[in-house]
1. Arranged by the count of other C-beta atoms within 10 angstrom, fewest first, what order do Glu11, Glu57, Glu66 take?
2. Using the basic label-point model (7 angstrom from Cα toward the beta carbon), what is the Ala61 to Ala27 distance in nanometres?
3. Do any trypsin sites (Lys or Arg not before Pro) in region 1-59 lie in a loop, going by DSSP, with at most 10 other beta-carbon atoms within 10 Å of their beta carbon, and if so which?
4. When the Kirkwood radius is taken over all Cα pairs of the chain, what Stokes-Einstein diffusion coefficient follows at 10 °C and 1.306 mPa s, in µm²/s?
5. Given labels modelled 7 Å from the Cα in the Cβ direction, how far is it in nm from Lys2 to Trp37?
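What follows draws every value from the coordinates through simple rules; no lab data is involved. Here the structure is a predicted model, which means the values were calculated and not measured. Neighbour counts run over all protein chains shown; Cβ positions are idealised from the backbone, glycine included.
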Amino acid sequence: MKQVTDTGAIEAAVDEVMAANPDKVAAAKEKPSMAGWFVGQVMKATGGKANPKAVNEIIRAKLGIE
C-alpha cells in the first residue's frame, strides 16, 4: 500500500468532503477539535492512503484553524 503524499490529490479529497458537509465545516470553525472528523472522512475517501499529517494540515488551513 503506497501512501499518497501528493498535496493536490489530498486537497481535492478535502474539498470534496467539505463541499458535501457544509454544516460540519461551520461547526468545525467554531469548534476546532472537530477537524479530526474531516481527517477521518478524507482517509476513508482515499482508502486510508493519504498522509494523515498532510490531510490534517490542509484541513486546518482550509478551516482557518491555527
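1. Glu66, Glu57, Glu11
2. 2.6
3. Qualifying residues, ordered by number: Lys2.
4. 138
5. Label-label distance for Lys2 and Trp37, simple model: 3.4 nm.
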